[in-house]
1. Can you list the residues, at least 5 places off or on another chain, whose amide H is less than 5 Å from the amide H of C395, using H built in the peptide plane?
2. What fraction, in whole percent, of alpha-carbon pairs in region 231-345 exceed 18 Å separation?
3. For the chain, what log10 I(q)/I(0) values come out of the Debye formula at q = 0.11, 0.13 1/Å, with one point per alpha carbon and no solvent?
4. Divide, for region 277-396, the radius of gyration over alpha carbons by 2.2 N^0.38 Å, where N is the residue count.
5. How far is helix 281-302 tilted, in degrees, relative to the longest principal axis of the Cα atoms in the chain, given as a value from 0 to 90 rounded to the nearest 10?
6. Hey, what did region 53-193 get for relative contact order, percent, Cα under 8 Å, at least 6 apart?
7. Rounded to a whole number of µm²/s, how large is the Stokes-Einstein D of region 81-235 at 4 °C and 1.567 mPa s, given Rh as the Kirkwood radius over C-alpha pairs?
8. With the Cα gyration tensor of region 1-157 giving a ≥ b ≥ c as the square roots of its eigenvalues, does the rule (a/c under 1.5 for rounded; else a/b larger than b/c for prolate; else oblate) give rounded, prolate or oblate?
Amino acid sequence: MWRSLRPKGRSDASGGYRRFAWTGADADCRLWFRMQAEARRLDYEVDRNGNQWAWLGDPAAGDAVVTGSHLDSVPDGGAFDGPLGVVSAFAALDELRRRGVTFSRPLAITNFGDEEGARFGLACVGSRLAAGQLAKDKAFELRDGDGVTLPAAMERAGLDPEAIGPDPERLARVGAFVELHVEQGRALDLSGDPVGIASAIWPHGRWRYDFHGEANHAGTTRLADRRDPMLTYAETVLAARREAGLAGAVATFGKVSVEPNGVNAIPSLVRGWLDARAADQDALDAVTTGIEKAAREYADRHGTDLAVARESFTPVVEFEHALRDELGRLLGGKVPVLGTGAGHDAGILSASVPTAMLFVRNPTGVSHSPAESAAEDDCVAGVLALADVLEGLACR
Ligand code: HGY
Ligand code: MN
Ligand code: MN
């Protein structure tokens with residue numbers, strides 16, 4: 001499965017992936033998912049929000065055990081973030097069939113669309129729409145860097161954007177959702193465990209900072225006459241690092257756009273996107289408030305103007321204790337339980353259905369990078385752990 005998935009959306013230049021929602025690379029991954037499902041004689045469907053489902057058994061029976069993740073990526077993302085959960089789901093089903101188990105509940109494998117929000121800026125669009133956490137009119141306002149709207153992109157990919165919206169009937173049929181994911185950190189590397197269970201997801205969000213200044217000639221404008229938004233942006237980036245350190249949080253300006261973006265022109269506009277996360281909401285509020293306060297002070301000093309808009313937000317997720325502990329029992333009670341600062345579809349869905357996550361060791365902890373890695377033995381351990389969990393939940 002890895003060999004057939006690996007080339008899809010991979011950049012030869014970086015070795016990373018550019019599998020953005022509703023692009024050709026995404027379509028290639030979606031076709032791959034459908035072929036894997038049909039090769040296993042699973043009932044394949046796409047829901048109203050573009051999420052892919054592969055069913056074993058009758059969904060109408062309800063109380064289904066569902067497992068899966070996402071196939072889209074961040075720009076130049078790694079091979080495992082998302083795909084490991086989908087490949088492992090199919091491999092775990094193969095393992096259960098080898099074991100000759102009998103399913104007492106329907107089973108489904110899923111690919112949730114647009115988890116990374118790399119193209120339209122909002123994380124977990126597919127699962128948010130299904131869970132009723134993203135209103136249709138807000139989804140219709142999403143547009144990519146070229147001005148293409150989400151509905152237009154979905155339509156070009158063969159979906160009916162008018163159909164998007166909450167899917168309570170579908171989620172009511174899900175008794176448990178378990179997402180396996182490569183760890184995006186080093187906790188398992190440090191503890192020496194191949195597999196872990198998630199306890200919680202930090203609250204986290206994305207804020208767009210628009211620094212407006214005055215375009216002018218880089219060579220002839222006196223320093224005293226400038227209203228340079230790049231200065232305000234630069235000092236705000238440093239303030240983000242300072243505020244994060246003070247609050248024990250993380251804050252990152254990883255994406256920036258400059259207009260007119262000329263070497264010899266003082267910018268009129270610098271747009272920076274802040275990703276901020278913290279173990280609890282108070283710490284997150286302290287970071288985001290501190291950064292914005294500092295940015296406004298810099299703007300006053302530089303004679304620039306600042307507008308801040310929150311583009312994506314996910315509150316803290318505490319995975320349901322009963323299911324978390326059930327996974328612990330099914331895995332022999334010796335698998336570590338750990339929190340994460342990374343968002344996941346399981347986090348979004350936890351408001352609608354009992355959800356849990358399994359993490360597979362990432363030896364360097366590096367993620368959202370072509371350097372992301374996971375050892376084959378650990379990936380196999382993840383598949384076997386997922387098979388044990390699915391057998392325990394769906395084959396009573
Ligand atoms: O950004 C995240 O936390 C996740 O990878 N979408
Ligand atoms: Mn990711
Ligand atoms: Mn992911």
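Any read-out appearing in this document is the output of simple, stated calculations on the displayed coordinates, not a laboratory observation. Since the structure is predicted, the reported quantities are computational estimates derived from the model, not experimental observations. FYI the Cβ positions are ideal-geometry reconstructions off the backbone, even for glycines, and counts take in every protein chain you see.
1. S104
2. Details: 3965 of 6555 pairs.
Summing the P(r) of region 231-345 above 18 Å gives 60 percent of all pairs.
3. Log10 I(q)/I(0), no solvent term: -0.80, -1.08.
4. Details: Rg = 19.9 Å, N = 120, 2.2 N^0.38 = 13.6 Å.
Here the answer is 1.47, to two decimals.
5. 20
6. Values: 220 pairs, mean separation 47.3, N = 141.
After rounding, I find 34 percent.
7. 64
8. Working: a/c = 2.39, a/b = 1.38, b/c = 1.74.
Oblate.
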